[in-house]
1. Rg and Dmax of segment 27-68, Cα atoms, in Å?
2. Determine ³J(HN,Hα), in whole Hz, for all residues of segment 128-137 in sequence, where each value follows from phi through the Karplus function 6.51 cos²θ - 1.76 cosθ + 1.60 and θ = phi - 60°; x replaces Gly and Pro.
3. Hey, can you grab everything whose amide H is under 5 Å from the amide H of ARG22? Only 5+ residues off in sequence or another chain; H modelled, so Pro and N-termini drop out.
4. In whole Hz and in residue order, list the ³J(HN,Hα) couplings for segment 7-24 that follow from phi through the Karplus curve 6.51 cos²θ - 1.76 cosθ + 1.60, θ = phi - 60°; x for Gly and Pro.
Amino acid sequence: MPIDTRELMEAIAIIADERNIRVAVKQSGKGTAICAACCFAGGLLMGPVGLAVGGAAGGIAAYKLTSGTFRPLGEVILNDLTDAQREQLVQHVTTAVADVRPTDLVMLLPLITQNASIQQAVLNTIMSFVTNELRMQIID
């Protein structure tokens, strides 16, 4: 039985969710810019105290404007990847566990969900894929 991409993606998503890995989908840079601008403005207006006040105000403003844009990696894997990205991720994961010889889905899924060293290898592969291929920032 060949490896079913959807079931493998679900197993990968389970591992990512168990580790509570979240990614910054779009707004991380925007939040940084808002916080830095408020800190800068506060420092110009009030000196050292303004840095603290501006930083706090900028942090709150960045939180309000970017709230909800940090999503669980499992959700991104299951819902946001294109078919080409899914195939690429499956190839990366099967390469990462190549020494196990995952020729059958029945063998691979229990190994991924129960073996800690294979989980770590899969997790490292997922994190590398997300940062290098999808250009997303991982938030541990």
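Each value in this text was obtained by applying a stated rule to the coordinates, not by laboratory testing. Being a predicted model, the structure only gives us computed values, none of them experimental.
1. So, for segment 27-68, Rg and Dmax equal 10.0, 33 Å respectively.
2. 5, 4, 5, 6, 7, 8, 8, 6, 10, 9
3. Amide H neighbours of ARG22, under 5 Å, 5+ apart: LEU73, ILE139.
4. Couplings: 5, 5, 4, 5, 5, 5, 5, 4, 4, 5, 5, 4, 8, 6, 8, 10, 10, 8 Hz.
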